[in-house]
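Any read-out appearing in this document is the output of simple, stated calculations on the displayed coordinates, not a laboratory observation. These figures come from a predicted structure and were not determined experimentally. Cβ placement follows ideal geometry from the backbone for every residue including glycine, while neighbour counts extend to all protein chains displayed.
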Amino acid sequence: MDVFLLKSKIHRATVTGGDVNYEGSLTISADLMEKIGLQEYEKILCGNMANGHRFETYAIKGKPGKGEIIMNGAVAHLGKKGDRLTIMSFASVGKKKALKWKPRVIVLGKDNKIINEQGI
């Protein structure tokens, strides 16, 4: 039996922009995605700490080192520049592996710079 566990998380990501005319997704700086093992086009669940909205979308790579977190398409209506997001991805893990599973987590501070890491 497999269990569905947290694979990776970016906590306290500050939204840097939005584009309702884009076709969808959440743009995340490529270096942040790489740090937590998030693949481009991978399904993500996001929680907006400012307003409580939760939404599913997929991640696309932004420019590395720029701290980009851009809400695109319909999800741009669920937040605004300056809001803080928790961005999560999940994985199906075998029961034995699940007993020792540790997600890859980063916590961001000013300018979306990493201030803490876990499981990396």
Residue count, the range 74-120 (criterion: touching a strand residue (DSSP E or B) at 6+ places or on another chain (Cβ under 6 Å) and closer than 30 Å to Met1 by Cα): 19
Residue that is farthest from Ser8 (Cα to Cα), among those in the range 20-29 that are in contact with a helix residue (DSSP H, G or I) (Cβ under 6 Å, 6 or more places away or on another chain) and not aromatic (Phe, Trp, Tyr): Val20
Pairs with Cβ under 9 Å, 6+ apart, first in the range 99-120 and without any contact (Cβ under 8 Å) to a residue 40 or more places away in the chain, second basic (Lys, Arg) and not in a strand (DSSP E or B): Gln118/Lys102; Gly119/Lys102
Residue within the range 59-73 that is within 20 Å of Leu6 (Cα to Cα), surrounded by 13 or more Cβ atoms within 10 Å (Cβ to Cβ) and touching a residue at least 40 places away in the same chain (Cβ under 8 Å) present: no
Filtered residue count, the range 45-58, keeping only those that are buried (at least 19 other Cβ atoms within 10 Å of the Cβ) and over 17 Å from Tyr22 (Cα atoms): 2
Residue in the range 30-45 that is aliphatic (A, V, I, L, M), in contact (Cβ under 8 Å) with a residue 24 or more places away in the chain, more than 14 Å from Ile10 (Cβ to Cβ) and out of contact with any helix residue (DSSP H, G or I) (no Cβ under 9 Å at 6 or more places or on another chain) present: no
Residue tally, condition in a loop (DSSP other than H, G, I, E, B), in contact with a helix residue (DSSP H, G or I) (Cβ under 8 Å, 6 or more places away or on another chain) and of a type in the set (A, V, I, L, M), over the range 6-19: 0
Positions within the range 95-119 being under 27 Å from Gly82 (Cα atoms) and charged (D, E, K, R), in sequence order: Arg104, Lys110, Asp111, Lys113, Glu117
Selection from the range 30-56 of residues that are under 18 Å from Asn112 (Cβ atoms) and polar (S, T, N, Q): Asn48
